[in-house]
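Below: the structure, in structure tokens.
The values are calculated or read from the model by the stated rules, or taken from the named source; none is laboratory data. Just so you know, these numbers come straight off a predicted model, no measurement behind them. Counting neighbours? That spans all protein chains shown, and the Cβs are built from the backbone with ideal geometry, glycine included. The accessibility values were calculated without ligands, DNA or RNA, using every heavy atom of the protein model including side chains. Shrake-Rupley method; radii C 1.70, N 1.55, O 1.52, S 1.80 Å.
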Amino acid sequence: ISDQKPLGCWSVKHGQVLTCPVVCNFETHEYIAVHDDKVLRIWKNEDINLDKAFKATLSADVYRIHSLPNGGPLVLFKGGGVRTLDVLLEAPQQEIENVISDEVIRWSGAFMEGQQPVLIFATEKDGDFFVYVQKPKLSGLHKYKLEQQESSKPLCFTAHMKNQTVTLLCLYSNDSVYKVLIPLQQDTDEEEQILSKSLLLNLSVSGSVLKGTSLVVLDKDHVAVLGSLAAPGKEPRECLTIWNTKFQTLQTSKELPLGTSGQLWCYEEKFFLTHGKVLTVIMYKCETSSLAAAVGKLKDSQTPDVSSFVNWNTLEDEELVVSLQSQESVALKSESRMNLRSKRSTVAKGQPENLPVEQLLLNLKDASTHVLENELRKLMSRAPTPDLQATIGCVVTALTDRCKRNPKYYPQNFLLQIVETRDLSYSLCPDLMAVALERKDVLLLQICLERFPDIPEEMTYACLKAFLSLSEAHLQNTDVNLDSVICYIDVESDDKEFKTEILENGFNAELDQDMCDTKIPKETQSKGDGEFCPVGLQKAALLNAVLHSAYTETFLLPHLKNLPAQQAILFLRYLYYLYVKCSEKVNTTLPGIRSPTINQIMDWMCLLLDAHFTVMVMLPEAKELLSNLHKFVRRQVRFYSELNKIEGSLRELQRLNHLRDSQTYSIEVLEII
């Protein structure tokens, strides 16, 4: 998300509209969407065209689909009817009952009560609000009416369930949060009951009032509210706030100057919200609620300060250590300088096992190289925890920060060990590849390109340009993993040329000279661009790593246009060489580990030609390359065209083989027309 790299994208046809949020079916790993209110679509991650995905037209308009980890998807219709997805797919046109009359659904949520799914939704009619509780598998339905509040109405809802009781939180227009308890076990058959509510929280502090737009529950004592903070005589400011409902205090807040959409989501201790034009993810951690924590007076050095309740670093786009330093200065501002110096002196003696990662990294900031690496190795060897990946990312960040401060320091072996043995990503250690580029550590860059799934296109281009600019002589003495090239590039005895024998799928180049209007002198045709690898083994392996890196064409193309013309020609010659090598094989697959696929080669060739076609047409040195590429592609088209002509005969032959009795002997003559 930090790199804005789309990993999958699906579009409906022009004129169609997605009418409810898309959800994931946890059981089948499929996506479920509804467009134009009634058309259900189901597809998997590998599906490309949404128009070819499973389609079912329903008999009623859908309001929302809820997906539960152990209960399967639930479909809520605008008329209040609820169906599980399995039941709905058995008969998509089944009649859906109207539970509500002249009411409009304002909110819905789903939970699991043991093994039974429970769906709750709130409706509005003429200023009155109602709450429905549905148990689809038990055909149970209960309707309640919310107690009215004078001169104010609910703006948004959220809920959580515990001990067969649903706690519904309502954010009202009078800047207050109310709590409503809904028991799931009902002994009465009364049609409509009145739900009383109790005041949970007033959203005001120091004369400022928060005009909330979205509310989420964090735990039993904390809620997060997104809204606009209005102070007397000042412009309203959009803020994300966290409140302690037990002690009625504002725990922490963050101003959002770029504005939001007014929506806030929370999942697995992460906030999701739009800030400006990007989707922002912010990690948080709820500490045990206590009065001291609520008012920010904790004195225990092991407990984070109030400012570290949320990692605001995502919004500020600052380095982790810098952010932690500012937090530490708040937490330790009352301590004397002597105490701070004594803390630093304890670094060499080793760190306590249970010291928080942030505190450990701050303590090691000025430690010696030996102590730093030893402590970081101990940190990585701790027992696995849910946030282990984030911890490893912090370790790499600490190392790269020291590399930037000290030009003579570069722990290559340590960094290689981390990247090779840990499941990291670019977003966890964004400075790592930039430091490796600066130090020309091509081996580390190669491994990162092969392993990181979220490298920004700008960094992919920077690596490509750096690899192409390195001389073969320099690379001869450089460590590079050659597993992707050693099986298909033949090294001559003089180590200057890398050649291979070309079969060209059964076609003779001399018979196809008329396939291209451009005439090339015979002496230049004796060694075509596809016959010899234009780069050495090391550079070929590095370029293969670039081919493996994921990218989005829209973001990569502008960078590729800046590639110098000579480097672009060299890269295209290498891609053409790979294309020819792939075409030698029946299955168009290169041997070796992490060798490029035919699709990767073709995609990069198209990208490079799109970015540099005008320049290449004008350059004399590119004329022969483009001509050979043109002729080879034409031969490929002709070859596959001939295969298509006999496809029907081959299928008939295959059918006859299945029908033939293997116990009898026969001689058959098949005429292919």
Is the range 527-534 home to any residue that is open to solvent by less than 10 Å² (accessible area, probe 1.4 Å), of a type in the set (G, A, S) and at pLDDT below 90?
-> yes
Just need a number here: residues in the range 65-115 that are part of a loop (DSSP other than H, G, I, E, B) and under 29 Å from the mean Cα position of the chain (by Cα).
-> 3
Does Y574 count as buried (at least 16 other Cβ atoms within 10 Å of the Cβ), among the aromatic types (F, W, Y), more than 21 Å from L470 (Cα to Cα) and out of contact with any Asp or Glu (no Cβ under 9 Å at 6 or more places or on another chain)?
-> no
Just give me the residues in the range 46-64 being in a strand (DSSP E or B) and either closer than 15 Å to L18 by Cα or in contact with a Leu (Cβ under 7 Å, 6 or more places away or on another chain) (or both), in sequence order.
-> K55, A56, T57, V62, Y63, R64
Can you name every residue in the range 193-252 that is more than 15 Å from S173 (Cβ to Cβ), basic (K, R) and in a strand (DSSP E or B)?
-> R237
How many residues are closer than 17 Å to L563 by Cα and among the hydroxyl-bearing types (S, T, Y) when one looks only at the range 598-634?
-> 1
Unique residue being in a loop (DSSP other than H, G, I, E, B), modelled with pLDDT under 85 and among the polar types (S, T, N, Q) when the list is N657, N587, N644 = N587
Using the structure shown, decide if S253 is modelled with pLDDT under 85, surrounded by 13 or more Cβ atoms within 10 Å (Cβ to Cβ) and not hydrophobic (A, V, I, L, M, F, W, C).
-> no
Conditions: (1) in contact with a Ser or Thr (Cβ under 9 Å, 6 or more places away or on another chain); (2) open to solvent by 40 Å² or more (accessible area, probe 1.4 Å); (3) closer than 26 Å to P558 by Cβ. P596 meets all but one. Number of the miss?
-> (2)
Considering residues that are farther than 23 Å from A159 by Cβ and small (G, A, S), the number found within the range 211-262 is 6
The range 114-133 - residue that is among the polar types (S, T, N, Q) and open to solvent by 20 Å² or more (accessible area, probe 1.4 Å) and, of those, farthest from V99 (Cα to Cα) | Q115
Starting from the range 274-297, take each residue that is farther than 28 Å from Q389 by Cα and list its partners that are at pLDDT below 80 and not in a loop (DSSP other than H, G, I, E, B), counting only C-beta distances under 8 angstrom and pairs at least six apart or across chains.
-> G296/V306
Just wondering, is there one or more residues in the range 436-445 that are in contact with a Phe, Trp or Tyr (Cβ under 6 Å, 6 or more places away or on another chain), modelled with pLDDT under 85 and open to solvent by 10 Å² or more (accessible area, probe 1.4 Å)?
-> no
Within the set of pairs 6+ apart or on separate chains, which have a first residue in the range 32-54 that is open to solvent by 70 Å² or more (accessible area, probe 1.4 Å), a second that is among the β-branched types (V, I, T) and part of a strand (DSSP E or B), and C-beta atoms under 9 Å apart?
-> K38/T19; K38/T57; K38/V62; F54/I42
Do the conditions hold for S11, that is, is it hydroxyl-bearing (S, T, Y), under 27 Å from L279 (Cβ atoms) and in contact with a strand residue (DSSP E or B) (Cβ under 9 Å, 6 or more places away or on another chain)?
-> no
Out of L226, L171, report the one residue that is crowded, with 20+ Cβ neighbours inside 10 Å, touching a Ser or Thr at 6+ places or on another chain (Cβ under 9 Å) and within 21 Å of S151 (Cβ to Cβ).
-> L171
So which pairs qualify, if the first residue must be in the range 422-443 and under 20 Å from L543 (Cα atoms), the second must be basic (K, R), the Cβ gap must be under 8 Å, and the two must be at least 6 apart or on different chains?
-> V435/K404
Check off (1) part of a strand (DSSP E or B); (2) modelled with pLDDT under 90; (3) more than 23 Å from C266 (Cβ to Cβ) for E150 and give me the number that stays unchecked.
-> (1)
